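To keep things clear, I will list the structure first and then write my remarks on it.
The values are calculated or read from the model by the stated rules, or taken from the named source; none is laboratory data. Please read all numbers here as calculations on a predicted model, not as lab measurements. Glycine gets a Cβ as well: all are built from the backbone with ideal geometry, and neighbour counts include every protein chain shown. Heads up: the accessible areas ignore ligands, DNA and RNA and are worked out on the full protein's heavy atoms, side chains in. Shrake-Rupley method; radii C 1.70, N 1.55, O 1.52, S 1.80 Å.
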Amino acid sequence: TPHVVLSKGISAMADNCIVSETSIIVTGEGSREPVVIFSNDTLTVADIIDIMQKVDPVNFSGEIPDEISAFLPLPVHSTTEVALWFYVKSVAQRYCLAELAVEQGVILPENALDYARAESVIRARVLEASIPDSAGVAEWFKENEEMFLLPERRSILLGYTDTAAVLDSRTVSNFDDLTDCRTVVDSDGAMIPTPPQVEVAFGEVLGPVVFAADSGAFIGPVLLDGELVAWFEVVEIVPPAIALLEDVYPQAERMAASMMFASGFDTLMDELNTTYTVRIDTAAVIKIDLWGGVH
(Lines give C-alpha, C1' and ligand atoms only; values in the text may rest on other atoms or scores of the structure.)
Protein backbone atom coordinates (compact mmCIF):
# COMPACT_ATOMS: atom_id res chain seq x y z
CA THR A 1 0.00 0.00 0.00
CA PRO A 2 1.51 3.39 -0.97
CA HIS A 3 2.42 5.64 1.94
CA VAL A 4 4.60 8.68 2.58
CA VAL A 5 6.70 9.38 5.68
CA LEU A 6 6.95 13.15 6.25
CA SER A 7 10.26 14.72 7.38
CA LYS A 8 8.40 17.48 9.23
CA GLY A 9 6.51 14.81 11.18
CA ILE A 10 9.78 13.03 12.02
CA SER A 11 11.16 16.33 13.33
CA ALA A 12 8.04 16.77 15.46
CA MET A 13 8.48 13.21 16.75
CA ALA A 14 12.05 14.05 17.79
CA ASP A 15 10.69 16.97 19.85
CA ASN A 16 8.67 14.47 21.90
CA CYS A 17 11.47 11.96 22.51
CA ILE A 18 14.93 11.76 24.01
CA VAL A 19 17.66 9.17 23.54
CA SER A 20 18.94 7.44 26.67
CA GLU A 21 22.00 5.36 25.78
CA THR A 22 20.58 3.44 22.77
CA SER A 23 16.87 3.66 23.61
CA ILE A 24 14.25 6.12 22.44
CA ILE A 25 12.26 7.43 25.42
CA VAL A 26 8.91 9.19 24.97
CA THR A 27 8.80 12.51 26.85
CA GLY A 28 5.81 14.26 25.31
CA GLU A 29 2.19 13.59 24.45
CA GLY A 30 2.62 14.30 20.77
CA SER A 31 0.60 16.47 18.45
CA ARG A 32 -1.71 16.22 15.46
CA GLU A 33 1.25 16.79 13.12
CA PRO A 34 1.04 14.11 10.36
CA VAL A 35 3.91 11.63 10.22
CA VAL A 36 2.63 9.02 7.74
CA ILE A 37 0.06 9.55 5.01
CA PHE A 38 -1.69 6.54 3.51
CA SER A 39 -4.14 6.55 0.63
CA ASN A 40 -7.10 6.85 3.02
CA ASP A 41 -5.63 7.42 6.48
CA THR A 42 -3.02 9.42 8.41
CA LEU A 43 -0.82 8.65 11.43
CA THR A 44 0.07 11.66 13.58
CA VAL A 45 2.83 12.21 16.13
CA ALA A 46 0.29 11.44 18.87
CA ASP A 47 -0.68 8.18 17.14
CA ILE A 48 2.93 6.97 16.90
CA ILE A 49 3.65 7.92 20.52
CA ASP A 50 0.52 6.05 21.61
CA ILE A 51 1.85 2.92 19.87
CA MET A 52 5.28 3.31 21.51
CA GLN A 53 3.67 3.61 24.95
CA LYS A 54 1.41 0.59 24.42
CA VAL A 55 4.32 -1.67 23.49
CA ASP A 56 6.56 -0.47 26.34
CA PRO A 57 8.07 -3.59 27.98
CA VAL A 58 6.86 -2.40 31.41
CA ASN A 59 3.31 -3.20 30.28
CA PHE A 60 4.11 -6.93 30.05
CA SER A 61 4.75 -9.24 32.97
CA GLY A 62 6.60 -11.81 30.86
CA GLU A 63 8.02 -12.10 27.37
CA ILE A 64 6.61 -9.64 24.89
CA PRO A 65 4.64 -11.44 22.15
CA ASP A 66 6.31 -11.37 18.75
CA GLU A 67 3.33 -9.57 17.24
CA ILE A 68 3.74 -6.75 19.76
CA SER A 69 7.55 -6.62 19.80
CA ALA A 70 7.41 -5.86 16.07
CA PHE A 71 6.26 -2.38 17.12
CA LEU A 72 9.17 -1.78 19.53
CA PRO A 73 11.71 0.87 18.51
CA LEU A 74 15.08 -0.66 17.67
CA PRO A 75 18.29 0.38 19.49
CA VAL A 76 19.56 3.75 18.28
CA HIS A 77 22.89 3.65 16.45
CA SER A 78 22.40 6.81 14.40
CA THR A 79 20.85 10.23 14.87
CA THR A 80 17.46 10.32 16.59
CA GLU A 81 15.72 11.49 13.43
CA VAL A 82 17.15 8.67 11.29
CA ALA A 83 16.25 6.07 13.95
CA LEU A 84 12.70 7.47 14.15
CA TRP A 85 12.40 7.41 10.35
CA PHE A 86 13.18 3.69 10.22
CA TYR A 87 10.85 3.00 13.16
CA VAL A 88 7.95 4.93 11.62
CA LYS A 89 8.58 3.18 8.29
CA SER A 90 8.30 -0.21 10.05
CA VAL A 91 5.06 0.82 11.79
CA ALA A 92 3.65 1.99 8.46
CA GLN A 93 4.40 -1.43 6.96
CA ARG A 94 2.36 -3.08 9.74
CA TYR A 95 -0.55 -0.75 9.10
CA CYS A 96 -0.36 -1.69 5.44
CA LEU A 97 -0.86 -5.32 6.51
CA ALA A 98 -3.98 -4.29 8.40
CA GLU A 99 -5.26 -2.55 5.27
CA LEU A 100 -4.55 -5.74 3.33
CA ALA A 101 -6.79 -7.58 5.79
CA VAL A 102 -9.55 -5.08 5.07
CA GLU A 103 -9.13 -5.63 1.34
CA GLN A 104 -9.34 -9.38 1.90
CA GLY A 105 -12.64 -8.88 3.78
CA VAL A 106 -11.68 -10.46 7.10
CA ILE A 107 -14.12 -9.96 9.98
CA LEU A 108 -13.47 -11.40 13.42
CA PRO A 109 -16.48 -12.01 15.69
CA GLU A 110 -16.82 -9.94 18.90
CA ASN A 111 -14.29 -10.88 21.59
CA ALA A 112 -12.87 -13.64 19.41
CA LEU A 113 -9.34 -12.29 19.19
CA ASP A 114 -8.07 -13.77 22.42
CA TYR A 115 -4.32 -13.05 22.47
CA ALA A 116 -3.23 -16.46 23.76
CA ARG A 117 -5.04 -18.33 20.97
CA ALA A 118 -4.44 -15.81 18.21
CA GLU A 119 -0.71 -15.66 18.92
CA SER A 120 -0.37 -19.43 18.61
CA VAL A 121 -2.28 -19.38 15.33
CA ILE A 122 -0.19 -16.57 13.86
CA ARG A 123 3.12 -17.98 15.03
CA ALA A 124 2.35 -21.50 13.88
CA ARG A 125 0.99 -20.63 10.44
CA VAL A 126 2.50 -17.32 9.40
CA LEU A 127 5.09 -15.57 11.52
CA GLU A 128 7.43 -18.49 12.15
CA ALA A 129 7.31 -19.37 8.47
CA SER A 130 7.98 -15.71 7.61
CA ILE A 131 11.27 -15.27 9.47
CA PRO A 132 13.95 -15.24 6.76
CA ASP A 133 17.54 -16.40 7.24
CA SER A 134 20.45 -14.06 6.44
CA ALA A 135 20.53 -15.16 2.79
CA GLY A 136 16.80 -14.53 2.51
CA VAL A 137 17.17 -11.07 4.04
CA ALA A 138 20.02 -10.25 1.64
CA GLU A 139 17.97 -11.37 -1.36
CA TRP A 140 14.91 -9.41 -0.17
CA PHE A 141 17.06 -6.33 0.49
CA LYS A 142 18.52 -6.45 -3.03
CA GLU A 143 15.01 -6.61 -4.50
CA ASN A 144 13.68 -3.79 -2.29
CA GLU A 145 16.75 -1.60 -1.73
CA GLU A 146 14.88 1.54 -2.84
CA MET A 147 13.01 1.34 0.47
CA PHE A 148 16.30 2.09 2.23
CA LEU A 149 17.26 5.21 0.32
CA LEU A 150 18.98 7.58 2.72
CA PRO A 151 18.40 11.29 2.02
CA GLU A 152 21.21 13.73 1.38
CA ARG A 153 23.39 14.37 4.45
CA ARG A 154 25.82 17.16 5.18
CA SER A 155 28.77 17.63 7.52
CA ILE A 156 29.63 21.14 8.66
CA LEU A 157 32.05 23.07 10.83
CA LEU A 158 29.76 24.84 13.28
CA GLY A 159 30.29 27.61 15.80
CA TYR A 160 28.08 29.81 17.93
CA THR A 161 28.42 33.38 19.17
CA ASP A 162 26.07 35.71 20.98
CA THR A 163 23.95 38.18 19.06
CA ALA A 164 26.42 41.01 19.65
CA ALA A 165 28.71 39.49 17.02
CA VAL A 166 26.07 40.25 14.38
CA LEU A 167 26.94 43.94 14.66
CA ASP A 168 30.41 43.21 13.26
CA SER A 169 29.34 40.54 10.75
CA ARG A 170 30.61 42.53 7.77
CA THR A 171 34.17 42.03 8.99
CA VAL A 172 33.76 38.28 9.51
CA SER A 173 34.98 36.08 6.66
CA ASN A 174 35.96 32.90 8.54
CA PHE A 175 35.96 31.35 11.99
CA ASP A 176 39.25 33.03 12.90
CA ASP A 177 37.50 36.40 12.74
CA LEU A 178 35.00 35.41 15.42
CA THR A 179 35.68 36.29 19.05
CA ASP A 180 34.30 34.04 21.80
CA CYS A 181 33.18 31.45 19.28
CA ARG A 182 31.78 28.35 20.95
CA THR A 183 32.51 25.15 19.05
CA VAL A 184 33.91 21.62 19.39
CA VAL A 185 37.66 21.13 18.92
CA ASP A 186 40.13 18.26 19.11
CA SER A 187 43.20 18.00 21.34
CA ASP A 188 45.14 20.21 18.91
CA GLY A 189 42.49 22.91 18.96
CA ALA A 190 41.19 22.17 15.44
CA MET A 191 37.45 22.37 14.89
CA ILE A 192 35.67 19.01 14.61
CA PRO A 193 32.99 18.80 11.91
CA THR A 194 29.59 17.35 12.66
CA PRO A 195 28.82 13.84 11.44
CA PRO A 196 26.94 13.80 8.12
CA GLN A 197 23.32 14.49 9.06
CA VAL A 198 19.95 14.96 7.39
CA GLU A 199 18.41 18.43 7.20
CA VAL A 200 16.04 18.02 10.14
CA ALA A 201 18.96 17.08 12.43
CA PHE A 202 20.28 20.66 12.20
CA GLY A 203 17.02 22.13 13.43
CA GLU A 204 14.10 23.97 11.91
CA VAL A 205 16.02 27.26 11.49
CA LEU A 206 19.56 26.13 10.67
CA GLY A 207 18.73 23.02 8.61
CA PRO A 208 17.32 24.74 5.49
CA VAL A 209 20.21 27.24 5.46
CA VAL A 210 22.81 24.47 5.70
CA PHE A 211 21.22 22.55 2.82
CA ALA A 212 21.03 25.65 0.64
CA ALA A 213 24.70 26.55 1.15
CA ASP A 214 27.53 25.80 -1.26
CA SER A 215 30.32 23.50 -0.15
CA GLY A 216 33.27 25.42 1.31
CA ALA A 217 31.40 28.71 1.75
CA PHE A 218 31.57 30.39 5.17
CA ILE A 219 27.99 31.26 6.14
CA GLY A 220 26.68 33.45 8.93
CA PRO A 221 25.22 34.88 10.95
CA VAL A 222 22.14 32.64 11.20
CA LEU A 223 19.86 33.97 13.93
CA LEU A 224 18.66 31.19 16.22
CA ASP A 225 16.13 31.22 19.02
CA GLY A 226 17.39 32.95 22.15
CA GLU A 227 20.69 34.82 22.32
CA LEU A 228 22.76 32.73 19.89
CA VAL A 229 23.70 32.99 16.25
CA ALA A 230 25.29 30.23 14.19
CA TRP A 231 28.22 30.32 11.74
CA PHE A 232 29.11 27.34 9.59
CA GLU A 233 30.97 25.93 6.64
CA VAL A 234 29.83 22.88 4.67
CA VAL A 235 32.77 20.47 4.50
CA GLU A 236 31.08 17.36 3.08
CA ILE A 237 27.96 16.61 1.07
CA VAL A 238 26.85 12.98 1.06
CA PRO A 239 24.38 12.47 -1.80
CA PRO A 240 21.29 10.28 -1.42
CA ALA A 241 22.32 6.63 -1.37
CA ILE A 242 21.09 3.17 -0.50
CA ALA A 243 21.99 2.23 3.08
CA LEU A 244 24.38 -0.68 3.58
CA LEU A 245 22.59 -3.86 4.59
CA GLU A 246 24.82 -4.32 7.66
CA ASP A 247 23.78 -0.86 8.89
CA VAL A 248 20.05 -1.56 8.66
CA TYR A 249 19.93 -5.34 9.02
CA PRO A 250 17.42 -5.45 11.95
CA GLN A 251 15.03 -3.16 10.10
CA ALA A 252 15.48 -5.10 6.84
CA GLU A 253 14.84 -8.40 8.63
CA ARG A 254 11.62 -7.08 10.17
CA MET A 255 10.38 -5.57 6.93
CA ALA A 256 11.23 -8.73 4.98
CA ALA A 257 9.28 -10.77 7.52
CA SER A 258 6.35 -8.35 7.24
CA MET A 259 6.16 -8.72 3.47
CA MET A 260 6.50 -12.49 3.73
CA PHE A 261 3.71 -12.33 6.29
CA ALA A 262 1.55 -10.57 3.72
CA SER A 263 2.30 -13.21 1.10
CA GLY A 264 1.19 -15.88 3.58
CA PHE A 265 -1.97 -14.05 4.53
CA ASP A 266 -4.30 -16.60 2.93
CA THR A 267 -2.87 -19.25 5.27
CA LEU A 268 -3.64 -17.05 8.24
CA MET A 269 -7.18 -16.50 6.99
CA ASP A 270 -7.76 -20.23 6.60
CA GLU A 271 -6.54 -20.92 10.13
CA LEU A 272 -8.61 -18.13 11.62
CA ASN A 273 -11.63 -19.38 9.69
CA THR A 274 -11.16 -22.81 11.27
CA THR A 275 -10.35 -21.59 14.77
CA TYR A 276 -12.72 -18.63 15.12
CA THR A 277 -15.34 -19.37 12.46
CA VAL A 278 -14.39 -16.22 10.63
CA ARG A 279 -17.12 -14.83 8.40
CA ILE A 280 -16.11 -13.22 5.09
CA ASP A 281 -18.24 -10.19 4.26
CA THR A 282 -16.40 -7.59 2.21
CA ALA A 283 -19.36 -5.21 2.18
CA ALA A 284 -19.45 -4.98 5.98
CA VAL A 285 -15.73 -4.53 6.64
CA ILE A 286 -14.76 -1.04 7.75
CA LYS A 287 -11.59 -1.33 9.77
CA ILE A 288 -9.52 -3.92 11.60
CA ASP A 289 -7.68 -2.48 14.59
CA LEU A 290 -4.10 -3.68 15.00
CA TRP A 291 -4.64 -3.85 18.76
CA GLY A 292 -7.42 -6.42 18.54
CA GLY A 293 -10.58 -4.37 18.25
CA VAL A 294 -13.10 -4.66 15.44
CA HIS A 295 -15.07 -1.67 14.14
By accessible area (1.4 Å), largest first, LYS54, LYS8 order as LYS8, LYS54
For the pair GLU152 and LEU228, the simple spin-label estimate (label points 7 Å beyond Cα toward Cβ) gives in nm 2.5
Sorted peptide list for 185-191, 22-28, 232-238, criterion being average Cβ within 10 angstrom, highest first: 232-238, 22-28, 185-191
